[in-house]
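What follows is a single structure, written as C-alpha coordinates, with notes after it.
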Amino acid sequence: MDTNLLAQLRAEWFERLDQILSRENTIPLSNLKCLELCEARCCPREGMRRMASEKIASPIVVLLPFEMEYLLDKTGANPAVFRRWPIDLTPDLTIEIGILDLGKPCPFLKDNLMCGIHEHNPLDCRTFPLLPTQNFNGELAWELGENCPSLHLLSPQFSEHMKRIWRDLYSVLPQSWWDLYLFADHWTGWPISADIDHVA
Amino acid sequence: MLPENVSPNGAVIHEVTGSDSSLLETACNLFKTIFPSEERYLPYLRACALGQNRSHPNTYDHVWLMQQNHEWVGIRIFSYITTRNFGHGAYIGLTPDFRGHGVGTWLVQQTLAQLDKDAQKFGRDASLGYLVEVERPMDADNEEQREYRRKRIKFHRQCGGIILPVSYTEPVMIEGVHYLDPADLQGEEPRPMHLVLIPSKLGASLSHLDLVDFVYGTYVDVYRLRPDHEFIRKSLSFLEEIVYDRNDQA
(Lines give C-alpha, C1' and ligand atoms only; values in the text may rest on other atoms or scores of the structure.)
Protein backbone atom coordinates (compact mmCIF):
# COMPACT_ATOMS: atom_id res chain seq x y z
CA MET A 1 0.00 0.00 0.00
CA ASP A 2 1.31 3.43 -0.94
CA THR A 3 1.53 5.28 2.38
CA ASN A 4 2.57 8.50 0.70
CA LEU A 5 -0.50 8.47 -1.51
CA LEU A 6 -2.70 7.65 1.47
CA ALA A 7 -1.25 10.53 3.45
CA GLN A 8 -1.77 12.85 0.51
CA LEU A 9 -5.38 11.77 0.07
CA ARG A 10 -6.02 12.16 3.77
CA ALA A 11 -4.62 15.69 3.74
CA GLU A 12 -6.71 16.61 0.70
CA TRP A 13 -9.90 15.31 2.28
CA PHE A 14 -9.18 17.04 5.59
CA GLU A 15 -8.82 20.27 3.67
CA ARG A 16 -12.09 19.71 1.82
CA LEU A 17 -13.90 18.95 5.05
CA ASP A 18 -12.41 22.05 6.65
CA GLN A 19 -13.72 24.07 3.74
CA ILE A 20 -17.19 22.56 3.96
CA LEU A 21 -17.41 23.27 7.64
CA SER A 22 -16.02 26.76 7.25
CA ARG A 23 -19.06 27.52 5.15
CA GLU A 24 -21.13 26.66 8.19
CA ASN A 25 -21.63 30.30 9.02
CA THR A 26 -23.13 30.97 5.65
CA ILE A 27 -25.33 27.90 5.28
CA PRO A 28 -28.87 29.16 4.77
CA LEU A 29 -31.35 28.04 7.39
CA SER A 30 -32.96 24.75 6.49
CA ASN A 31 -36.29 25.76 8.06
CA LEU A 32 -36.61 22.20 9.35
CA LYS A 33 -38.40 22.01 12.70
CA CYS A 34 -35.91 19.54 14.01
CA LEU A 35 -36.27 20.38 17.67
CA GLU A 36 -40.06 20.44 17.54
CA LEU A 37 -40.76 17.58 15.19
CA CYS A 38 -37.70 15.43 14.85
CA GLU A 39 -37.56 12.01 16.44
CA ALA A 40 -34.01 11.44 15.18
CA ARG A 41 -35.32 9.15 12.47
CA CYS A 42 -32.05 9.47 10.59
CA CYS A 43 -29.73 8.86 13.56
CA PRO A 44 -28.81 5.19 14.16
CA ARG A 45 -29.55 4.56 17.80
CA GLU A 46 -30.44 2.01 20.44
CA GLY A 47 -33.88 0.49 20.03
CA MET A 48 -34.26 1.37 16.35
CA ARG A 49 -34.32 -2.27 15.26
CA ARG A 50 -37.67 -2.69 16.96
CA MET A 51 -39.19 0.45 15.46
CA ALA A 52 -41.73 0.44 12.63
CA SER A 53 -40.18 1.23 9.27
CA GLU A 54 -42.11 4.50 8.95
CA LYS A 55 -40.37 5.69 12.10
CA ILE A 56 -36.94 5.15 10.54
CA ALA A 57 -35.46 7.38 7.88
CA SER A 58 -31.97 5.93 7.75
CA PRO A 59 -30.43 3.31 10.01
CA ILE A 60 -27.02 3.81 8.40
CA VAL A 61 -24.72 6.81 8.19
CA VAL A 62 -21.97 6.48 5.59
CA LEU A 63 -19.07 8.86 6.04
CA LEU A 64 -17.04 10.37 3.23
CA PRO A 65 -13.52 9.11 2.54
CA PHE A 66 -11.33 10.10 5.50
CA GLU A 67 -14.30 11.74 7.25
CA MET A 68 -14.02 9.16 10.02
CA GLU A 69 -10.40 10.12 10.57
CA TYR A 70 -11.40 13.78 10.43
CA LEU A 71 -14.08 13.29 13.08
CA LEU A 72 -11.71 11.35 15.28
CA ASP A 73 -9.20 14.14 14.94
CA LYS A 74 -11.70 16.90 15.69
CA THR A 75 -13.74 15.25 18.44
CA GLY A 76 -11.28 12.93 20.11
CA ALA A 77 -13.84 10.12 19.87
CA ASN A 78 -12.82 6.52 20.46
CA PRO A 79 -12.01 4.90 17.07
CA ALA A 80 -14.01 1.84 18.16
CA VAL A 81 -17.29 3.74 17.84
CA PHE A 82 -17.19 3.39 14.06
CA ARG A 83 -17.81 0.46 11.81
CA ARG A 84 -15.23 0.30 9.05
CA TRP A 85 -16.06 -0.81 5.53
CA PRO A 86 -13.14 -1.36 3.13
CA ILE A 87 -13.39 0.02 -0.40
CA ASP A 88 -10.87 -0.22 -3.22
CA LEU A 89 -9.77 3.11 -4.62
CA THR A 90 -7.54 1.35 -7.13
CA PRO A 91 -6.64 -2.33 -7.60
CA ASP A 92 -3.78 -1.77 -5.14
CA LEU A 93 -5.18 0.80 -2.73
CA THR A 94 -7.91 0.14 -0.17
CA ILE A 95 -9.24 2.56 2.42
CA GLU A 96 -11.79 2.15 5.20
CA ILE A 97 -14.99 4.11 5.22
CA GLY A 98 -16.50 4.92 8.61
CA ILE A 99 -20.07 3.86 9.17
CA LEU A 100 -22.55 4.22 12.01
CA ASP A 101 -25.22 1.55 12.08
CA LEU A 102 -27.73 -0.04 14.41
CA GLY A 103 -25.08 -2.38 15.76
CA LYS A 104 -22.90 0.59 16.69
CA PRO A 105 -25.40 3.39 17.16
CA CYS A 106 -24.40 7.00 16.80
CA PRO A 107 -22.20 7.73 19.81
CA PHE A 108 -22.71 11.44 19.39
CA LEU A 109 -26.50 11.44 19.76
CA LYS A 110 -27.44 12.81 23.16
CA ASP A 111 -30.33 11.67 25.32
CA ASN A 112 -32.35 14.68 24.23
CA LEU A 113 -31.89 13.53 20.58
CA MET A 114 -29.57 16.43 19.84
CA CYS A 115 -26.26 16.03 18.07
CA GLY A 116 -23.24 16.15 20.33
CA ILE A 117 -20.89 17.14 17.52
CA HIS A 118 -23.09 19.49 15.53
CA GLU A 119 -20.09 21.63 14.68
CA HIS A 120 -18.44 18.70 12.87
CA ASN A 121 -21.29 16.37 12.11
CA PRO A 122 -20.95 14.15 9.04
CA LEU A 123 -21.98 15.49 5.66
CA ASP A 124 -24.42 12.58 5.28
CA CYS A 125 -26.24 13.81 8.41
CA ARG A 126 -25.88 17.43 7.48
CA THR A 127 -27.43 16.85 4.06
CA PHE A 128 -30.54 14.98 5.24
CA PRO A 129 -33.42 15.07 4.21
CA LEU A 130 -31.73 15.59 0.87
CA LEU A 131 -30.35 12.26 -0.31
CA PRO A 132 -27.59 12.36 -2.90
CA THR A 133 -27.59 9.48 -5.33
CA GLN A 134 -26.05 8.52 -8.65
CA ASN A 135 -28.18 7.97 -11.74
CA PHE A 136 -27.57 5.31 -14.39
CA ASN A 137 -25.41 7.70 -16.37
CA GLY A 138 -23.09 8.14 -13.44
CA GLU A 139 -24.31 11.65 -12.66
CA LEU A 140 -25.15 13.16 -9.29
CA ALA A 141 -28.90 13.07 -8.68
CA TRP A 142 -31.18 13.78 -5.73
CA GLU A 143 -33.93 12.12 -3.79
CA LEU A 144 -35.77 13.21 -0.66
CA GLY A 145 -36.12 11.51 2.70
CA GLU A 146 -39.87 11.28 2.49
CA ASN A 147 -40.42 10.40 6.12
CA CYS A 148 -38.62 13.44 7.51
CA PRO A 149 -41.39 15.05 9.61
CA SER A 150 -40.56 18.55 8.42
CA LEU A 151 -39.64 17.82 4.83
CA HIS A 152 -42.40 20.13 3.62
CA LEU A 153 -40.64 23.03 5.31
CA LEU A 154 -37.26 22.47 3.68
CA SER A 155 -35.78 25.71 2.41
CA PRO A 156 -34.81 25.83 -1.30
CA GLN A 157 -31.82 27.98 -0.42
CA PHE A 158 -30.54 25.35 1.99
CA SER A 159 -31.12 22.65 -0.62
CA GLU A 160 -29.20 24.53 -3.25
CA HIS A 161 -26.33 25.16 -0.86
CA MET A 162 -26.01 21.50 0.05
CA LYS A 163 -26.30 20.41 -3.57
CA ARG A 164 -23.49 22.77 -4.46
CA ILE A 165 -21.27 21.16 -1.84
CA TRP A 166 -21.95 17.74 -3.30
CA ARG A 167 -21.44 18.95 -6.85
CA ASP A 168 -18.04 20.25 -5.79
CA LEU A 169 -17.19 16.89 -4.20
CA TYR A 170 -18.57 14.73 -6.95
CA SER A 171 -15.49 14.57 -9.15
CA VAL A 172 -13.28 13.45 -6.26
CA LEU A 173 -15.62 10.84 -4.79
CA PRO A 174 -14.47 7.40 -5.91
CA GLN A 175 -16.98 5.14 -7.64
CA SER A 176 -16.39 2.47 -5.01
CA TRP A 177 -17.61 4.94 -2.39
CA TRP A 178 -20.82 5.45 -4.39
CA ASP A 179 -21.26 1.69 -4.67
CA LEU A 180 -21.17 1.49 -0.89
CA TYR A 181 -23.37 4.53 -0.40
CA LEU A 182 -26.03 3.23 -2.78
CA PHE A 183 -25.91 -0.23 -1.23
CA ALA A 184 -26.53 1.27 2.21
CA ASP A 185 -30.15 1.87 1.15
CA HIS A 186 -30.56 -1.91 1.19
CA TRP A 187 -28.79 -2.62 4.44
CA THR A 188 -29.80 -2.05 8.04
CA GLY A 189 -26.40 -2.76 9.47
CA TRP A 190 -24.09 -5.43 10.68
CA PRO A 191 -25.80 -8.75 11.43
CA ILE A 192 -26.70 -9.47 14.99
CA SER A 193 -26.33 -12.87 16.58
CA ALA A 194 -30.06 -13.61 16.32
CA ASP A 195 -29.78 -13.39 12.53
CA ILE A 196 -27.18 -16.12 12.34
CA ASP A 197 -29.08 -19.11 11.06
CA HIS A 198 -27.89 -19.97 7.61
CA VAL A 199 -24.25 -20.83 7.68
CA ALA A 200 -22.56 -22.42 4.71
CA MET B 1 -42.64 -24.06 -19.87
CA LEU B 2 -40.70 -20.81 -20.16
CA PRO B 3 -42.06 -17.68 -18.50
CA GLU B 4 -42.89 -15.61 -21.60
CA ASN B 5 -40.93 -17.02 -24.44
CA VAL B 6 -41.50 -14.39 -27.15
CA SER B 7 -39.76 -11.03 -26.81
CA PRO B 8 -41.46 -7.75 -27.84
CA ASN B 9 -39.54 -7.79 -31.11
CA GLY B 10 -40.36 -11.38 -31.88
CA ALA B 11 -37.39 -13.37 -30.62
CA VAL B 12 -38.24 -16.73 -29.14
CA ILE B 13 -36.55 -18.45 -26.20
CA HIS B 14 -35.79 -22.16 -26.56
CA GLU B 15 -34.57 -24.08 -23.55
CA VAL B 16 -31.73 -26.49 -24.22
CA THR B 17 -32.35 -29.52 -22.08
CA GLY B 18 -30.45 -32.78 -21.95
CA SER B 19 -27.26 -34.03 -23.52
CA ASP B 20 -29.22 -35.35 -26.49
CA SER B 21 -30.98 -32.06 -27.19
CA SER B 22 -30.96 -31.22 -30.86
CA LEU B 23 -30.17 -27.65 -29.82
CA LEU B 24 -27.05 -28.45 -27.83
CA GLU B 25 -24.60 -28.15 -30.71
CA THR B 26 -26.35 -24.98 -31.85
CA ALA B 27 -25.88 -23.57 -28.35
CA CYS B 28 -22.19 -24.54 -28.35
CA ASN B 29 -21.60 -22.94 -31.74
CA LEU B 30 -23.37 -19.73 -30.75
CA PHE B 31 -21.47 -19.63 -27.45
CA LYS B 32 -18.17 -19.84 -29.35
CA THR B 33 -19.28 -17.03 -31.63
CA ILE B 34 -20.42 -14.68 -28.88
CA PHE B 35 -17.76 -15.56 -26.30
CA PRO B 36 -14.73 -16.55 -28.40
CA SER B 37 -12.32 -16.22 -25.48
CA GLU B 38 -14.44 -18.54 -23.32
CA GLU B 39 -14.39 -21.60 -25.55
CA ARG B 40 -12.68 -23.63 -22.86
CA TYR B 41 -15.86 -23.38 -20.82
CA LEU B 42 -18.00 -25.24 -23.36
CA PRO B 43 -18.10 -28.33 -21.11
CA TYR B 44 -19.75 -26.09 -18.51
CA LEU B 45 -22.49 -25.22 -21.01
CA ARG B 46 -23.01 -28.91 -21.77
CA ALA B 47 -23.20 -29.68 -18.06
CA CYS B 48 -25.73 -26.92 -17.46
CA ALA B 49 -27.93 -28.27 -20.23
CA LEU B 50 -28.54 -31.29 -18.04
CA GLY B 51 -30.43 -29.12 -15.55
CA GLN B 52 -29.13 -31.05 -12.58
CA ASN B 53 -25.60 -32.33 -12.60
CA ARG B 54 -23.55 -34.17 -9.99
CA SER B 55 -20.77 -31.61 -10.38
CA HIS B 56 -23.24 -28.82 -9.55
CA PRO B 57 -25.09 -30.39 -6.61
CA ASN B 58 -26.50 -27.11 -5.32
CA THR B 59 -27.81 -25.58 -8.52
CA TYR B 60 -30.61 -26.11 -10.99
CA ASP B 61 -29.19 -24.95 -14.30
CA HIS B 62 -30.66 -23.45 -17.45
CA VAL B 63 -29.36 -22.92 -20.96
CA TRP B 64 -31.52 -20.77 -23.18
CA LEU B 65 -31.16 -19.99 -26.86
CA MET B 66 -32.86 -17.05 -28.54
CA GLN B 67 -34.02 -17.25 -32.12
CA GLN B 68 -35.41 -14.56 -34.39
CA ASN B 69 -36.38 -14.91 -38.04
CA HIS B 70 -34.81 -18.37 -38.12
CA GLU B 71 -31.47 -17.02 -36.84
CA TRP B 72 -29.90 -17.82 -33.50
CA VAL B 73 -29.26 -14.48 -31.85
CA GLY B 74 -28.62 -15.00 -28.15
CA ILE B 75 -27.64 -17.36 -25.38
CA ARG B 76 -28.31 -17.30 -21.66
CA ILE B 77 -26.85 -19.62 -18.99
CA PHE B 78 -27.96 -19.28 -15.38
CA SER B 79 -28.80 -21.30 -12.31
CA TYR B 80 -31.09 -21.33 -9.34
CA ILE B 81 -29.17 -22.08 -6.14
CA THR B 82 -31.35 -24.69 -4.50
CA THR B 83 -29.69 -24.36 -1.11
CA ARG B 84 -30.34 -20.59 -0.95
CA ASN B 85 -33.08 -18.57 -2.54
CA PHE B 86 -31.41 -16.78 -5.37
CA GLY B 87 -29.74 -17.50 -8.66
CA HIS B 88 -26.41 -17.08 -10.36
CA GLY B 89 -26.16 -15.63 -13.86
CA ALA B 90 -23.19 -17.10 -15.68
CA TYR B 91 -23.55 -15.83 -19.26
CA ILE B 92 -25.82 -13.51 -21.19
CA GLY B 93 -24.86 -12.71 -24.75
CA LEU B 94 -26.45 -11.51 -27.97
CA THR B 95 -25.09 -11.37 -31.49
CA PRO B 96 -23.92 -7.83 -32.39
CA ASP B 97 -26.91 -6.92 -34.58
CA PHE B 98 -29.28 -7.84 -31.83
CA ARG B 99 -27.74 -5.68 -29.10
CA GLY B 100 -29.13 -2.35 -27.93
CA HIS B 101 -32.79 -3.05 -28.68
CA GLY B 102 -33.96 -3.82 -25.17
CA VAL B 103 -33.73 -7.57 -25.64
CA GLY B 104 -31.09 -7.96 -22.94
CA THR B 105 -33.34 -6.20 -20.43
CA TRP B 106 -36.25 -8.41 -21.44
CA LEU B 107 -34.05 -11.47 -21.06
CA VAL B 108 -33.15 -10.38 -17.53
CA GLN B 109 -36.85 -10.10 -16.72
CA GLN B 110 -37.43 -13.60 -18.11
CA THR B 111 -34.54 -14.90 -16.02
CA LEU B 112 -36.11 -13.45 -12.88
CA ALA B 113 -39.46 -14.99 -13.79
CA GLN B 114 -37.83 -18.38 -14.33
CA LEU B 115 -36.03 -18.13 -11.00
CA ASP B 116 -39.36 -17.46 -9.30
CA LYS B 117 -40.66 -20.66 -10.88
CA ASP B 118 -37.56 -22.51 -9.76
CA ALA B 119 -38.00 -21.18 -6.22
CA GLN B 120 -41.53 -22.57 -6.20
CA LYS B 121 -40.30 -25.88 -7.55
CA PHE B 122 -37.96 -26.07 -4.57
CA GLY B 123 -40.59 -25.11 -2.02
CA ARG B 124 -40.26 -21.35 -1.72
CA ASP B 125 -42.65 -18.58 -2.65
CA ALA B 126 -40.32 -16.59 -4.90
CA SER B 127 -36.66 -15.97 -5.51
CA LEU B 128 -34.69 -12.93 -4.33
CA GLY B 129 -33.16 -12.46 -7.77
CA TYR B 130 -29.74 -13.46 -8.99
CA LEU B 131 -26.09 -12.56 -8.69
CA VAL B 132 -23.82 -11.80 -11.57
CA GLU B 133 -20.10 -11.16 -11.71
CA VAL B 134 -19.13 -8.04 -13.64
CA GLU B 135 -15.62 -6.90 -14.48
CA ARG B 136 -14.51 -3.80 -12.60
CA PRO B 137 -13.67 -0.70 -14.66
CA MET B 138 -10.76 0.03 -12.32
CA ASP B 139 -8.97 -3.15 -13.46
CA ALA B 140 -9.24 -2.35 -17.16
CA ASP B 141 -6.06 -2.28 -19.24
CA ASN B 142 -7.09 0.74 -21.27
CA GLU B 143 -9.77 3.39 -21.59
CA GLU B 144 -11.71 1.50 -24.27
CA GLN B 145 -11.95 -1.55 -22.05
CA ARG B 146 -12.84 0.63 -19.06
CA GLU B 147 -15.68 2.25 -20.98
CA TYR B 148 -16.97 -1.14 -22.10
CA ARG B 149 -17.04 -2.31 -18.47
CA ARG B 150 -18.84 0.86 -17.40
CA LYS B 151 -21.49 0.13 -19.99
CA ARG B 152 -21.91 -3.39 -18.65
CA ILE B 153 -22.44 -2.03 -15.16
CA LYS B 154 -24.84 0.58 -16.48
CA PHE B 155 -26.84 -2.19 -18.16
CA HIS B 156 -27.11 -4.13 -14.92
CA ARG B 157 -28.00 -1.04 -12.91
CA GLN B 158 -30.73 -0.20 -15.40
CA CYS B 159 -32.07 -3.67 -14.73
CA GLY B 160 -32.25 -2.75 -11.04
CA GLY B 161 -28.82 -4.14 -10.21
CA ILE B 162 -27.21 -3.36 -6.86
CA ILE B 163 -23.43 -3.58 -6.62
CA LEU B 164 -22.58 -5.47 -3.45
CA PRO B 165 -19.66 -3.56 -1.96
CA VAL B 166 -17.56 -6.55 -1.01
CA SER B 167 -14.19 -7.62 -2.31
CA TYR B 168 -14.98 -10.43 -4.72
CA THR B 169 -12.64 -12.67 -6.70
CA GLU B 170 -14.15 -14.85 -9.39
CA PRO B 171 -12.77 -18.38 -9.19
CA VAL B 172 -11.55 -19.90 -12.44
CA MET B 173 -14.07 -22.73 -12.29
CA ILE B 174 -16.34 -24.68 -9.99
CA GLU B 175 -14.21 -26.88 -7.75
CA GLY B 176 -13.96 -30.56 -8.52
CA VAL B 177 -16.12 -30.78 -11.63
CA HIS B 178 -15.88 -34.12 -13.38
CA TYR B 179 -16.15 -32.73 -16.89
CA LEU B 180 -13.09 -30.46 -16.90
CA ASP B 181 -9.49 -31.20 -16.12
CA PRO B 182 -7.61 -28.36 -14.38
CA ALA B 183 -5.10 -28.59 -17.20
CA ASP B 184 -7.85 -27.51 -19.59
CA LEU B 185 -7.94 -24.16 -17.82
CA GLN B 186 -4.22 -23.63 -17.58
CA GLY B 187 -3.40 -19.94 -17.78
CA GLU B 188 -6.74 -18.81 -16.38
CA GLU B 189 -6.45 -16.83 -13.16
CA PRO B 190 -9.02 -15.77 -10.56
CA ARG B 191 -10.09 -12.22 -11.30
CA PRO B 192 -11.40 -9.37 -9.13
CA MET B 193 -15.00 -8.61 -10.03
CA HIS B 194 -18.03 -6.72 -8.88
CA LEU B 195 -20.68 -8.97 -7.43
CA VAL B 196 -23.99 -7.49 -8.54
CA LEU B 197 -27.44 -8.49 -7.33
CA ILE B 198 -30.23 -8.26 -9.88
CA PRO B 199 -33.15 -8.30 -7.47
CA SER B 200 -36.56 -9.75 -8.15
CA LYS B 201 -39.64 -7.94 -6.85
CA LEU B 202 -39.15 -9.81 -3.60
CA GLY B 203 -35.45 -8.97 -3.41
CA ALA B 204 -36.07 -5.29 -4.20
CA SER B 205 -38.63 -5.08 -1.42
CA LEU B 206 -36.23 -6.19 1.31
CA SER B 207 -34.87 -3.51 3.63
CA HIS B 208 -31.86 -5.64 4.49
CA LEU B 209 -29.85 -7.67 1.99
CA ASP B 210 -27.87 -10.45 3.60
CA LEU B 211 -24.35 -10.09 2.25
CA VAL B 212 -23.12 -13.19 4.05
CA ASP B 213 -25.82 -15.29 2.42
CA PHE B 214 -24.94 -13.94 -1.02
CA VAL B 215 -21.22 -14.41 -0.57
CA TYR B 216 -21.50 -17.94 0.81
CA GLY B 217 -24.13 -18.87 -1.77
CA THR B 218 -21.85 -17.86 -4.61
CA TYR B 219 -18.54 -19.14 -3.32
CA VAL B 220 -19.61 -22.23 -1.42
CA ASP B 221 -22.78 -23.40 -3.15
CA VAL B 222 -21.97 -22.45 -6.74
CA TYR B 223 -18.17 -22.62 -6.86
CA ARG B 224 -17.93 -25.19 -4.08
CA LEU B 225 -15.10 -23.48 -2.24
CA ARG B 226 -14.46 -24.43 1.36
CA PRO B 227 -16.18 -22.06 3.85
CA ASP B 228 -12.77 -21.02 5.17
CA HIS B 229 -11.38 -20.24 1.71
CA GLU B 230 -9.28 -17.09 1.51
CA PHE B 231 -11.66 -15.49 -1.02
CA ILE B 232 -14.52 -15.76 1.47
CA ARG B 233 -12.45 -14.47 4.34
CA LYS B 234 -11.36 -11.54 2.19
CA SER B 235 -14.92 -10.74 1.10
CA LEU B 236 -16.30 -10.70 4.60
CA SER B 237 -13.31 -9.68 6.69
CA PHE B 238 -15.04 -6.52 7.80
CA LEU B 239 -17.86 -8.64 9.21
CA GLU B 240 -15.22 -10.81 10.83
CA GLU B 241 -16.77 -11.36 14.24
CA ILE B 242 -20.02 -12.54 12.71
CA VAL B 243 -18.43 -14.67 10.01
CA TYR B 244 -16.36 -16.53 12.52
CA ASP B 245 -19.43 -16.96 14.72
CA ARG B 246 -21.17 -18.56 11.76
CA ASN B 247 -18.26 -20.85 11.04
CA ASP B 248 -18.20 -21.90 14.65
CA GLN B 249 -21.78 -23.00 14.34
CA ALA B 250 -21.21 -24.90 11.09
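The values are calculated or read from the model by the stated rules, or taken from the named source; none is laboratory data. Quick caveat, the model's predicted, so the values are computed rather than measured. For neighbour counting, all protein chains shown are included, and Cβ atoms are generated from backbone atoms with ideal geometry for every residue, glycine included.
Right, B:Q52: free of Cβ contacts under 8 Å to residues at least 24 places away in the same chain and surrounded by fewer than 23 Cβ atoms within 10 Å (Cβ to Cβ) or not? Taking the combined requirement at face value, the residue satisfies it.
Under the condition of being in a strand (DSSP E or B) and of a type in the set (G, A, S), the residues counted in segment B:148-200 number 1. Can you pull out every residue in segment A:8-19 that is in contact (Cβ under 8 Å) with a residue 24 or more places away in the chain and surrounded by fewer than 17 Cβ atoms within 10 Å (Cβ to Cβ)? A:R10, A:E12, A:F14 - these are the residues of segment A:8-19 that are in contact (Cβ under 8 Å) with a residue 24 or more places away in the chain and surrounded by fewer than 17 Cβ atoms within 10 Å (Cβ to Cβ). Scanning segment A:50-65 for residues that are modelled with pLDDT under 80 and outside any loop (DSSP other than H, G, I, E, B) returns A:R50, A:S53, A:E54, A:K55. Looking at B:T59, B:T26, B:T17, which one is β-branched (V, I, T) and farther than 21 Å from B:V177 by Cβ? Only one candidate passes the filter, namely B:T26.
Within the bounds of segment A:147-168, is there any residue that is of a type outside the set (A, V, I, L, M, F, W, C), over 30 Å from A:E36 (Cβ atoms) and either surrounded by fewer than 19 Cβ atoms within 10 Å (Cβ to Cβ) or under 14 Å from the mean Cα position of the chain (by Cα) (or both)?
yes
Taken together, A:L123, A:L109, A:L113, A:L93 contain a single residue that is surrounded by fewer than 22 Cβ atoms within 10 Å (Cβ to Cβ), more than 14 Å from chain B (Cβ to nearest Cβ) and closer than 22 Å to A:A11 by Cβ, which is A:L123.
The rows are residues; the columns are (1) touching a helix residue (DSSP H, G or I) at 6+ places or on another chain (Cβ under 6 Å); (2) charged (D, E, K, R); (3) closer than 20 Å to B:Q52 by Cα; (4) at pLDDT 95 or above.
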| site | (1), (2), (3), (4) |
| --- | --- |
| B:T83 | yes, no, yes, yes |
| B:D97 | no, yes, no, no |
| B:T105 | no, no, no, no |
| B:L112 | no, no, yes, yes |
| B:D141 | no, yes, no, yes |
| B:R146 | yes, yes, no, yes |
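Annotation note: of B:V196, B:V220, B:V212, the sole residue that is at pLDDT 95 or above, at the interface with chain A (Cβ under 9 Å from one of its Cβ atoms) and crowded, with 20+ Cβ neighbours inside 10 Å is B:V220. The requirement of being facing chain A (nearest Cβ under 10 Å), at pLDDT 95 or above and in contact with a Pro (Cβ under 7 Å, 6 or more places away or on another chain) is fulfilled nowhere in segment B:168-191; no residue meets it. Among the residues of segment A:169-200, those that are within 25 Å of A:M48 (Cα to Cα), of a type outside the set (G, A, S), surrounded by fewer than 17 Cβ atoms within 10 Å (Cβ to Cβ) and modelled with pLDDT under 80 comprise A:I192, A:D195, A:I196, A:D197, A:H198. Within segment B:203-216, identify whether any single residue is in contact (Cβ under 8 Å) with a residue 12 or more places away in the chain, under 29 Å from A:E96 (Cβ atoms), in contact with a strand residue (DSSP E or B) (Cβ under 6 Å, 6 or more places away or on another chain) and acidic (D, E), and answer yes or no. Within segment B:203-216, not a single residue is in contact (Cβ under 8 Å) with a residue 12 or more places away in the chain, under 29 Å from A:E96 (Cβ atoms), in contact with a strand residue (DSSP E or B) (Cβ under 6 Å, 6 or more places away or on another chain) and acidic (D, E).
Scanning segment A:42-66 for residues that are within 14 Å of another protein chain (Cβ to nearest Cβ) and over 17 Å from A:W190 (Cβ atoms) turns up A:M51, A:A52, A:S53, A:E54, A:K55, A:A57, A:P65. If the condition is being outside any strand (DSSP E or B), of a type outside the set (S, T, N, Q) and on the phi < 0 side of the Ramachandran plot, then segment B:6-27 contributes B:P8, B:A11, B:V16, B:D20, B:L23, B:L24, B:E25, B:A27.
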